[in-house]
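A short worksheet on the structure shown next.
The values are calculated or read from the model by the stated rules, or taken from the named source; none is laboratory data. These numbers were taken from a predicted model, which means no experiment stands behind them. Neighbour counts are summed over all protein chains in view; Cβ atoms, including those assigned to glycine, are modelled from backbone coordinates with ideal geometry.
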Amino acid sequence: MIILGVETSCDETAASVVEGKGESVKVLSNVVSSQIEIHKKYYGVVPEIAAREHILNILPVINEALDKTKVNPPRLARREPPLPRRGIFSTTPKLLLQKEGRVLDAIAVTTGPGLITSLIVGVETAKTLAYVWNLPIVGVNHIEGHVYANFIQSQGTVFGKPPPDPSLERRGAFPALILTVSGGHTMLILMKGHGKFQTIGDTRDDAAGEAFDKAAKLLGLGYPGGPAVSKMAAEFTSPQTHPVRAARPPLLRGESLLKGEGVSVPSPFQGEGQDEVKNRIGQVILPRPMLNEPNFDFSFSGLKTALLYKIQKDKDWQNKIPEYCYEFERAIVETLVGKAVKAAKKYQVKTMMLAGGVSANLTLREEFQNAAAKLGVACHIPPLEYTTDNAAMIAAAGYFRARRKSFTPWKKLKADANLEL
Ligand code: KG4
Ligand code: ZN
């Protein structure tokens, strides 16, 4: 089954063509037009500007996604054979189609959650194409899309090892726990089967990506904040820049996090915000919010405020930005992984998966994988290119919906900024 995916929920205009077979999805093309450069100067996405850019970009992006594949919309497939012509005009879509024999089966589009003015551009474009091409349409939840990035057949490697055959490994993957972390969401999702989602934890205020973005703004690092903070954090432990620090055994890494051992110092988890932890890398200590509370919710707004108070009290903070970034990143990663581990244990999951833009964070990827290995649970982490917003994940989710005939008549399809999973 061949699906065209369309995604415009925030500031990326994206289109992708995927082919789904059985349990796995192969990407035939994946085009993302990012507006990051445009929104950078505002330190965040400006909805009105995002919507205008989507309008300009959406058709060229969809065209490019189709062009890269030789897959045709069905309307072209139904064309009568052309009159014989000479030269370049003799290669018509009809002839291409006969050669390749591939036709789109459905269109999948993000209907929410997201910025309403951005969502509408994708939804109305997809509806128009569905009408013109007479194709069924599938509405996809953006979060569901992030989750399904895990079902895309990976061509790369995962930490240097070839990825396992997804179709084999995913037999018996459920129940799965998905830690979904993006600019707008921080959720722990229990997935009992395709399309069967239960949200077991959510953020009470700022999402993890939003916290990264706000921290970067405080530290003057630009937008988007996640990659900027992460790059600085890596500098703090890099053997080139800080040989002495890098030589120390890393504390509070995945293993110690799980077992509560391997640290010769009191764990900062035991008292949020305590400043007395000694002998660890760096002197800056930030809280691990809500880590010890008996629920699976998150709250990262206080962490950003804790960072603000620290730098307000520290006259030398501008010379210690890598250290602040390191501790901020560790605070977020340890909180996310710590809660995911508790949830994985409680719900006895068979697989742990990561999803969302923040899952591009290398420290999080490593710690999450370590944690799953320690629990003896299978682990899936999407290839980097499918972590931040893209349409391949929407098309992948669309494929699994189309398989169970979860279509919406185009006339009834609507964008919903607050769509729930
Ligand atoms: O999923 P996404 O592309 O858009 C939303 O649906 O929100 O996620 C964007 C978020 C931003 O907040 C960005 O700072 C964060 O993902 N992000 C990262 C990294 N790359 C992107 N956060 C931490 N580390 C990264 N390497
Ligand atoms: Zn997203």
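Only residues that are away from ligand 1 (no atom under 16 Å from the Cβ) and closer than 11 Å to A415 by Cα: list them for segment 128-147, please.
Taking segment 128-147 and keeping what is away from ligand 1 (no atom under 16 Å from the Cβ), we get 128-139.
Passing the criteria: only G139.
Of all residues in segment 198-230, those that are in a strand (DSSP E or B) and in contact with a helix residue (DSSP H, G or I) (Cβ under 7 Å, 6 or more places away or on another chain) total 2. Here V377, V349 are screened, and the one residue that is over 22 Å from V27 (Cβ atoms), at pLDDT below 95 and of a type in the set (A, V, I, L, M, F, W, C) is V377. Any residue at all in segment 64-86 that is modelled with pLDDT of 95 or more, closer than 17 Å to I107 by Cβ and within 15 Å of ligand 1 (Cβ to nearest atom)? Checked segment 64-86: no residue is modelled with pLDDT of 95 or more, closer than 17 Å to I107 by Cβ and within 15 Å of ligand 1 (Cβ to nearest atom).
Of all residues in segment 7-26, which are out of contact with any helix residue (DSSP H, G or I) (no Cβ under 6 Å at 6 or more places or on another chain) and away from ligand 1 (no atom under 15 Å from the Cβ)? Of everything in segment 7-26, those that are out of contact with any helix residue (DSSP H, G or I) (no Cβ under 6 Å at 6 or more places or on another chain) and away from ligand 1 (no atom under 15 Å from the Cβ) turn out to be E19, K21, K26.
Among the residues of segment 382-406, how many are in contact with a strand residue (DSSP E or B) (Cβ under 6 Å, 6 or more places away or on another chain) and away from ligand 2 (no atom under 16 Å from the Cβ)?
Restricting attention to segment 382-406, the residues satisfying the condition of being in contact with a strand residue (DSSP E or B) (Cβ under 6 Å, 6 or more places away or on another chain) are 386, 389-392, 394-399, 401-402.
With the extra rule that they be away from ligand 2 (no atom under 16 Å from the Cβ), the set shrinks to 399, 401-402.
Of the residues in segment 382-406, 3 are in contact with a strand residue (DSSP E or B) (Cβ under 6 Å, 6 or more places away or on another chain) and away from ligand 2 (no atom under 16 Å from the Cβ).
When E367 is tested against (1) surrounded by fewer than 24 Cβ atoms within 10 Å (Cβ to Cβ); (2) more than 16 Å from ligand 2 (Cβ to nearest atom), exactly one condition is not met: (1).
Condition check for M353 on (1) away from ligand 1 (no atom under 12 Å from the Cβ); (2) buried (at least 23 other Cβ atoms within 10 Å of the Cβ); (3) in a helix (DSSP H, G or I): one failure, at (3).
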